[in-house]
Amino acid sequence: MDTLTLFHTGCGMAALLSGGTVVGMRKGTRRHRYVGWIYVATMILLCVTSFFIYELFGGFGPFHVAALISLVSVIGGILAPLLRTQIGEECMKAHYRFML
C-alpha cells in the first residue's frame, strides 16, 4: 500500500471515530463543535484523497461518486451553522439534514 492510500485509510478511520463520537454527544456544546470540526477536516481529506486513488477500478468509479456526494453533504452541513447568524435558526435544521 502506498503512502496516499495509507493516509486515506487513516482519514477514514478518524472520520468514523469522530463522526460516531459527535453523533452521541450533546449538541451545541463547545466539545461537540470541536469534535465536529475534526470530523469535517477528516471527511474533506478523505474525499479529496479518494480522487487520487484509482487502483480499484482503474479510473473514476462508484466510490468517487460517493466521495462527491459526501463532500457536498459535509460542506452543506458545515455552512448551515456558520450562516446561522445571517439566515436564522432554520439553518440548524439544514445542518441536521446534511449531516444525516
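The values are calculated or read from the model by the stated rules, or taken from the named source; none is laboratory data. Keep in mind the model is a prediction, meaning the values are calculated, not measured. With ideal geometry, Cβ positions are generated from the backbone for all residues, glycine too; neighbour counts draw on all protein chains shown.
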> Of the conditions (1) over 18 Å from Leu100 (Cα atoms); (2) modelled with pLDDT under 95; (3) not aliphatic (A, V, I, L, M), Arg26 fails just one. Which one is it?
Replying inline: (1)
> Filtering the range 44-64 down to residues that are among the aliphatic types (A, V, I, L, M) and over 19 Å from Leu16 (Cα atoms), which residue is surrounded by the fewest Cβ atoms within 10 Å (Cβ to Cβ)?
Replying inline: Leu56
> Can you tell me which of Leu71, Leu17 is closer than 13 Å to Met99 by Cα and either surrounded by 14 or more Cβ atoms within 10 Å (Cβ to Cβ) or free of Cβ contacts under 8 Å to residues at least 40 places away in the same chain (or both)?
Replying inline: Leu71
>> Take the conditions without any contact (Cβ under 8 Å) to a residue 12 or more places away in the chain and in contact with a His (Cβ under 7 Å, 6 or more places away or on another chain) and apply them to Arg30. Does it pass?
In response: no
> In this structure, does Tyr39 turn out to be within 16 Å of His95 (Cα to Cα) and of a type in the set (Phe, Trp, Tyr)?
Replying inline: yes
